[in-house]
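Worksheet: the structure to be examined is printed underneath.
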Amino acid sequence: MDERARALDAAHRAATSFLATLADRPVWPRATLDEMIDVFGGPLPAAGLDADTLVSDLAARAEPGLVAIPGGRFFGFVIGGTLPAALATDWLVSAWDQNSGSSLVTPATVALERVAGQWILELLGLPAGATVGYVTGAQMSNFACLAVARRAMLERLGWSLSRQGARNAPDLRLVVGDHRHGSIDRAARLLGIGSDDLVVVAADADGRMRPDALEAALARIDPGHAIVCLQAGEVHTGAFDPFVELIPLARAHGGWVHIDGAFGLWAAASPSLRDLMEGASDADSWTTDAHKTLNVPYDCGMAIVRDPADSIAMFRTGGDYLVYTGLDPWDVTPELSRRARGVPVWAALRSLGSDGVADLVDRLHANAVAMADGLAAIPGVTVANEVPYTQVMFRLDDDDATRALGAAILAEGTVVVTGAEWGGHAVLRCSMSSWATTPDDIERSLAAFRRLIDAA
Ligand SMILES: *Cc1c(COP(=O)(O)O)cnc(C)c1O
């Protein structure tokens, strides 16, 4: 065997032995960053190391600093696991090493991504002609979509952003909800829009944008000058903005509508949860992730734009050496060279089938409901949201006790939930985003919560 084959064998062995530990290893890491830096650090030795020795040694030394994200009891933030077909094809993506910006150079991977994009539009009930750009995640998708929105809106006002730039451009306003995700603010910042420039619209108690508040906000903006940023799936409550009421208001005002649905857009794939997404297909652009609800490996999100002309006008590059062959992947994302991160999306969708995608989303919701019911039955625990989707929030009567429980859970190791503030209280959040979570994982987690609360 050559060095490459031996190194891949070593990676295979290390990966399967890590995955075999998931059922029983502590979910939270057992080493700190500083300890890991000590393990891997020091001056770079002058002599190199054989690849297979290096892989085995690296994997063994990383072990205590790994977090069990691919297992069934990681409920922190909003983080998915990895479906087997997606994981294995992700390895192929690296082995193939296809620079997938151009359809001329890498037809196999570009075709897989394009077909996966069409499947996604169908599953999520979005317009069939929309462009799907594969980016690293919802953060970059929000950035890409808002960049497209700004250029298109300025164009309609007779201003060419590509030629004239942003200086002296007509005054567009970015309208956002009070409970938008922080990545919207970062996307705005990348576009030169500061927090004082945002028009923030009040939300209801579950974090949904209020239609009366949007109407009042739009009344203070010139028609045709608003980009309205809505949300499918609030990260604490899982609540969806009321698109049926909000989008017509934005439309009547001549606004662009963007929806951040990093995990929420997937509700449309489930017949029983689809109502949450009612009206969402009327937007102009959509953000979603594949590495959350769809359970492909990091990193993969999608920037979806209704009118291909808008995304192409924003992103198509010049360059005499870049051969134009129709719609290229680099025409619809900020990246030029990139890995074929959409191939695991094709594999995840094909391995599940459309019924399997619906079942996956339903199962994540059912896990959230089971977790909420189990938590509500523990004396002293308050479940703080209605659980319309995959997010559960809970707290104890006392904020310090809630925070202490959060720290004790990570130390104990059975399960990971992460903390936040909601409604003036410290809360703990469980996000049901992993295909790997079983009813037994929910039971084991609830038993750990009960033990820790009894012991406190
Ligand atoms: C996770 C999330 C993001 C950011 O997504 P990344 O994939 O981490 O870039 C944006 N918006 C919402 C609603 C999210 O849940």
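Which ones in the stretch 245-265 are closer than 18 Å to D307 by Cα, in contact (Cβ under 8 Å) with a residue 40 or more places away in the chain and within 16 Å of the ligand (Cβ to nearest atom)?
Of everything in the stretch 245-265, those that are closer than 18 Å to D307 by Cα, in contact (Cβ under 8 Å) with a residue 40 or more places away in the chain and within 16 Å of the ligand (Cβ to nearest atom) turn out to be H258, D260.
Restricted to the stretch 35-56, and to residues that are in a helix (DSSP H, G or I) and of a type in the set (D, E, K, R), which residue is nearest to L410 (Cα to Cα)?
E35
Being surrounded by 13 or more Cβ atoms within 10 Å (Cβ to Cβ) and assigned to a helix (DSSP H, G or I) is the filter; apply it to the stretch 18-34 and report the residue that is farthest from the chain's Cα centre (by Cα).
F18
Go through D275, D307, D282, D328 for me and flag whichever is more than 23 Å from H236 (Cα to Cα), more than 16 Å from the ligand (Cβ to nearest atom) and out of contact with any Gly (no Cβ under 9 Å at 6 or more places or on another chain).
Only one candidate passes the filter, namely D282.
Filtering the stretch 77-89 down to residues that are crowded, with 22+ Cβ neighbours inside 10 Å and within 16 Å of the ligand (Cβ to nearest atom), which residue is farthest from S183 (Cα to Cα)? Walk me through how you get there before you give the answer.
Initially, the stretch 77-89 is screened for residues crowded, with 22+ Cβ neighbours inside 10 Å, giving 78, 80-83, 86, 89.
Filter once more, keeping what is within 16 Å of the ligand (Cβ to nearest atom): 78, 80-82, 86.
Details: V78: 13, G80: 18, G81: 21, T82: 23, A86: 26 Å.
Only one residue fits best here, namely A86.
Of all residues being farther than 30 Å from A340 by Cβ and within 16 Å of the ligand (Cβ to nearest atom) in the stretch 145-182, which is surrounded by the fewest Cβ atoms within 10 Å (Cβ to Cβ)? Just the residue, please.
D178
Have a look at G261, G238, G233 and point out the one that is over 22 Å from W119 (Cβ atoms), assigned by TED's automatic domain parsing to the domain that holds A138, touching a helix residue (DSSP H, G or I) at 6+ places or on another chain (Cβ under 8 Å) and surrounded by 22 or more Cβ atoms within 10 Å (Cβ to Cβ).
The conditions single out G238.
Here's a check for you: in the stretch 238-250, which residue that is part of a loop (DSSP other than H, G, I, E, B) and in contact with a strand residue (DSSP E or B) (Cβ under 6 Å, 6 or more places away or on another chain) is farthest from L126 (Cα to Cα)?
The selected residue is G238.
Among the residues of the stretch 207-223, which ones are crowded, with 16+ Cβ neighbours inside 10 Å, touching a residue at least 24 places away in the same chain (Cβ under 8 Å) and part of a loop (DSSP other than H, G, I, E, B)?
Hits for the stretch 207-223 are G207, R208, I221.
Report, by residue number, each residue of the stretch 90-144 that is part of a loop (DSSP other than H, G, I, E, B) and within 16 Å of the ligand (Cβ to nearest atom).
L124, T136, G137 - these are the residues of the stretch 90-144 that are part of a loop (DSSP other than H, G, I, E, B) and within 16 Å of the ligand (Cβ to nearest atom).
Restricting to the stretch 376-421, give me the number of residues that are under 28 Å from L294 (Cα atoms), of a type in the set (A, V, I, L, M, F, W, C) and in contact with a helix residue (DSSP H, G or I) (Cβ under 7 Å, 6 or more places away or on another chain).
Number of matching residues: 8.
Can you run down the residue pairs with Cβ atoms below 8 Å, 6 or more apart or on separate chains, where the first is in the stretch 7-27 and in contact (Cβ under 8 Å) with a residue 40 or more places away in the chain and the partner is surrounded by 17 or more Cβ atoms within 10 Å (Cβ to Cβ) and of a type in the set (F, W, Y)?
Close Cβ pairs satisfying both conditions: V27/F74.
Are there any pairs with C-beta distances below 6 angstrom linking a residue in the stretch 109-130 that is assigned by TED's automatic domain parsing to the domain that holds W330 to a residue that is buried (at least 17 other Cβ atoms within 10 Å of the Cβ) and acidic (D, E), with the two at least 6 apart or on different chains, and if so which?
Listed pairs, sorted by first residue: none to list.
May I ask you to verify whether L146 is touching a residue at least 40 places away in the same chain (Cβ under 8 Å) and more than 16 Å from I184 (Cβ to Cβ)? Write out each step before concluding.
Working: touching a residue at least 40 places away in the same chain (Cβ under 8 Å): yes; more than 16 Å from I184 (Cβ to Cβ): no.
Against the criterion (touching a residue at least 40 places away in the same chain (Cβ under 8 Å) and more than 16 Å from I184 (Cβ to Cβ)), L146 does not qualify.
The values are calculated or read from the model by the stated rules, or taken from the named source; none is laboratory data. Owing to the predicted nature of the structure, the values given are computational and were not obtained by experimental measurement. In this analysis, Cβ positions are derived from the backbone assuming ideal geometry, glycine residues included, and neighbour counts consider all displayed protein chains.
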